[in-house]
Amino acid sequence: MKILAIESSCDESACAIVEDGRHVLANVVASQADLHASFGGVVPEIASREHIHAMMPVVDRCLKLAKLEFSDIDCIAVTAGPGLIGALLVGVSVAKALAFALNKNLYAIHHIAAHIAGNFLTHPDFEAPFLCLVVSGGHSHLIHCDESWHFKIIGRTRDDAAGEALDKIARALKLPYPGGPKIEAEAQSGKLGQLRFPKVKIEHPYDYSFSGVKSAALNYLQKIEAEAKRRNCSAEAIISRSDFCADYQEAIFSQLTEKAMAACRDLSVERFAIAGGVAANQTLRNRLANACELEGIRFFAPERKYCTDNAAMVGSICYYEILAGAKPATWDLNAKSTWDAEQYLKNAPVI
Ligand code: KG4
Ligand code: ZN
């Protein structure tokens, strides 16, 4: 079954054609990151307008790369939420128009479920049961999937998502959006142990919180600036940006790792996966891979291109949902800026 999938939940206009859930025939992503870079974050209005320009050329290019015609496509999948409403609406409208004109079924896909499927595309032997840490600009969820493919969210962030916390401090450091990769690059030459970040105190064993670490980082930056002024020197002379980024990244990644490993132990999982944009970070991948090795757990991570937003993951999850009996969307399908992930995953179990 060949699924043409569309994704536009944030700042990537993406289309992919995926065969039988795991074979990517073409995958095209037009990133708008350069347009948003100087604003320090995604500007929703600019994102929606750019999706309108980019989406159809991206779909055409995808078909061309796959050497396919519209008539070869069996159905259409689209990210219907959660995300930026104006951005989502472009993808949903294009997908509805295509499905209607081609007389094909249309499937509405949840963005977090799609991220998990990045692992299906990379690892032919990735199967349930597993625990998945989905870490992106909008979400930080620990999701358990049992042997019958029933999903349960066992932990989530109480405030900022991990990617959001990275992007906000990158912005304060005057690094362009998206901040996660810029902080990763800076941290590579940084020395750990110059700064101390507060330990998170949440009763819930698997919930995350990044706002305390983010506020501590902002306070450090203010203090460093004040000290630099007092000493009439640059902030870099007090602490290098690389050292700052290394410690900040570590504060976020240590929390992600510790809680994820505690959940793995408590639930006796044998497979642990990561997904979402922040999962592209090599330091985090290495940290989690090492932690899993110590626990005797198999570690899975999507190829980096299937971590950040793309449509191949949407086409993949759609296939498994169809196998599990998911119903096509009706023509009144609307984009949803918020969409409860647990409810969605419960209603659309994957085989
Ligand atoms: O999944 P994604 O592309 O979009 C959302 O669903 O939010 O994730 C984007 C997030 C941004 O916060 C970005 O800074 C972060 O993923 N990100 C990274 C890296 N690449 C992207 N964070 C850390 N290291 C990276 N290499
Ligand atoms: Zn995403």
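Throughout, read-outs are computed from the coordinates displayed, never taken from laboratory work. Values in this document were obtained by computation on a predicted structure and should not be read as measured data. Don't worry about glycine lacking a Cβ; one is built from the backbone with ideal geometry, like all the others, and counts go over all protein chains shown.
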* To do: Give the percent of DSSP beta bridges with both residues in the chain that are antiparallel, rounded to the nearest 5.
  => 60 percent
* Mind checking Rg over Rh on the stretch 213-351, alpha carbons, Kirkwood formula for Rh? -> 1.12
* Structure fact -> Taking Cα atoms only, Rg over Rh for the stretch 131-266 with Rh from the Kirkwood formula is 1.04
* C-alpha center-to-center spacing [the stretch 28-88, the stretch 280-351] in angstrom -> 18 Å
* Asked: What residue among A128, A95, A312 has the largest mean-square fluctuation in a Gaussian network model of the chain, using Cα springs under 10 Å?
  -> A128
* **Cys residues of the chain counted as unpaired, since no other Cys beta-carbon is under 4.7 Å** => C10, C75, C132, C145, C233, C245, C264, C292, C307, C318
* Estimated distance in nm for a label pair at D60 and K152, the labels positioned 7 Å out from Cα along Cα-to-Cβ -> 5.0 nm
* What 222 nm value per residue comes from the helices of the chain, counting each DSSP H run with n ≥ 4 as -39,500 (n - 2.57) and dividing by all residues, nearest 500 deg cm²/dmol? -> -14500 deg cm²/dmol
* Does anyone have the angle between helix 85-102 and the longest principal axis of the chain? Alpha-carbon axes, 0 to 90°, nearest 10? -> 20 degrees
* Mind putting a number on the dipole of the stretch 1-99 about its Cα centre? Charges go on the C-beta only, +1 for Lys and Arg and -1 for Asp and Glu, and I need it in Debye to the nearest 20. => 100 debye
* To do: Just rank R287, R271, R265, fewest to most, by other beta-carbon atoms within 10 angstrom.
  => R265, R287, R271
* To do: Pick out, from S254, S13, C62, the residue whose Cα sits farthest towards the positive end of the charge dipole of the chain, with +1 on the Cβ of Lys and Arg and -1 on the Cβ of Asp and Glu.
  => S254
* In the stretch 156-189, the GluC sites (Glu not before Pro) that fall in loop regions by DSSP, at most 10 other Cβ within 10 Å -> none
* **Residue exposure sequence - D160, D207, D72, D34 - by fewest surrounding Cβ within 10 Å** => D34, D72, D207, D160
* Listing W149, W339, W331 from the residue with the fewest other Cβ atoms within 10 Å to the one with the most, what is the order? -> W331, W149, W339
* Asked: Any idea what the dipole of the chain comes to, in debye rounded to 20, about its Cα centre with Lys/Arg Cβ at +1 and Asp/Glu Cβ at -1?
  -> 800 debye
* For the stretch 42-126, what is one quarter of the convex hull surface built on the Cα atoms, given in nm²? -> 6.5 nm²
* To do: Give the Rg/Rh ratio for the chain, taking Rg as the radius of gyration of the Cα atoms and Rh as the Kirkwood radius, to two decimals.
  => 0.99
